[in-house]
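This report refers to the structure that appears directly beneath it.
The values are calculated or read from the model by the stated rules, or taken from the named source; none is laboratory data. Being a predicted model, the structure only gives us computed values, none of them experimental. All Cβ positions, glycine included, derive from the backbone under ideal geometry; neighbour counts span all protein chains shown. Please note that ligands, DNA and RNA were not included when accessible areas were found on the heavy atoms of the full protein model with its side chains. Shrake-Rupley method; radii C 1.70, N 1.55, O 1.52, S 1.80 Å.
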Amino acid sequence: MSAIDPIILFFLLGLFAGLMRSALRLPAAVYEFVSMLLLLAIGLKGGIELAKQPFAMLLPQMLAVVAMGFALPLLAFPVLRYVGRFTRADAASIAAHYGSVSVGTYAVATAYFATREITFEEHMPLLLVLLEVPAILVGIVLARGLTRKTHWASIAHEVFLGKGIVLLLGGLLIGWVAGPDGVSSITPLFFDLFKGVLAIFLLEMGLIAAAQVSALRRYGLFLLTFGIVMPLCSAVIGIGLGWALSLSVGGAAMLATLAGSASYIAVPAAMRISVPEANPTLSLTASLGVTFPFNVLVGIPIYYVLAEKAYVLLGG
């Protein structure tokens, strides 16, 4: 029996097929449907948990996570600007990607933890949604400053009414209102088939990641290094915050995973509107070509081990 989770093997299959320039492609409609199912399933799980506990108890965690969302791009920006020597717009755009979060990475982490019976706080989807927004705002300000020329209405529409946020928040609200008993009739589609749907999603992500690898030849070693080191540094911050918030070891590891992931859906769309001069290839090469494969293949297990060791040292 293989020691590698089957969903990771699906990602590797897509990556191999892409690198070998295979004709394998997932129909756009199928990819769209699979993405929607994942987003709704994650939101529903978080909403069900929200129905079980008072909202006021989660408020400190929510505020702390938002603060982390503002801090991470501020840490990444000077490295990109002065070490990587990117233009201001490109540095701000990449920093925003790394301050935000990857829903795909969260989904893989959820499956990884479930397979190993690692428990974590079930309201993590709520924190995931909160992490989508702050980095986008910071990235825009870093690129443009606070000026009247910034089209905040268009940006707000793209951020808060984009597909990802609407589906995640919608799932959260449905799960919260319906509760565990109310969603039992749709459990087979959204919960029982979760890993199968995730496998198909990762097959396509492998193909997309392979398409970004060629860009590394043009943009050099820096993006490769940054795409690995930045997630590790962000994950350590996530673990520290998880410990400070008295999360479980699994919860701290999941928060580290969120912090160490990089957006490839919400942020690119927002940056396209607000910072059109930024080169999207740079951001996607780092986030999809380097960080996503790193997290899926080795990052998530590393974050859990780091969380375990940190809690032993800190007495959590």
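Please pick out the residue among 251, 240 that is more than 26 Å from residue 80 (Cβ to Cβ) and open to solvent by less than 40 Å² (accessible area, probe 1.4 Å). Spell out how you get there, then give the answer.
Details: 240 fails: more than 26 Å from residue 80 (Cβ to Cβ).
Only one candidate qualifies: 251.
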(message) Report every pair of residues separated by at least 6 positions or lying on different chains whose Cβ atoms are under 8 Å apart, first residue within segment 7-29 and within 23 Å of residue 295 (Cβ to Cβ), second among the basic types (Lys, Arg).
(response) 7/195
(request) Mind counting the residues in segment 131-152 that are β-branched (Val, Ile, Thr) and modelled with pLDDT of 85 or more? (result) 4
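Over 25 Å from residue 253 (Cα atoms), open to solvent by 10 Å² or more (accessible area, probe 1.4 Å), modelled with pLDDT of 90 or more and in contact with a helix residue (DSSP H, G or I) (Cβ under 8 Å, 6 or more places away or on another chain), is that true of residue 174?
Details: over 25 Å from residue 253 (Cα atoms): yes; open to solvent by 10 Å² or more (accessible area, probe 1.4 Å): yes; modelled with pLDDT of 90 or more: yes; in contact with a helix residue (DSSP H, G or I) (Cβ under 8 Å, 6 or more places away or on another chain): yes.
In short, yes.
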(request) State the number of residues belonging to segment 35-49 that are open to solvent by 10 Å² or more (accessible area, probe 1.4 Å) and either β-branched (Val, Ile, Thr) or out of contact with any helix residue (DSSP H, G or I) (no Cβ under 9 Å at 6 or more places or on another chain) (or both). (result) 1
(message) Residue pairs, Cβ under 6 Å, 6 or more apart or interchain, first in segment 106-122 and modelled with pLDDT under 95, second open to solvent by 70 Å² or more (accessible area, probe 1.4 Å) and not aliphatic (A, V, I, L, M). List them.
(response) 111/195
(message) Please verify whether residue 67 is among the hydrophobic types (A, V, I, L, M, F, W, C), within 22 Å of the chain's Cα centre (by Cα) and either open to solvent by 70 Å² or more (accessible area, probe 1.4 Å) or under 18 Å from residue 285 (Cα atoms) (or both), treating the condition exactly as stated.
(response) no
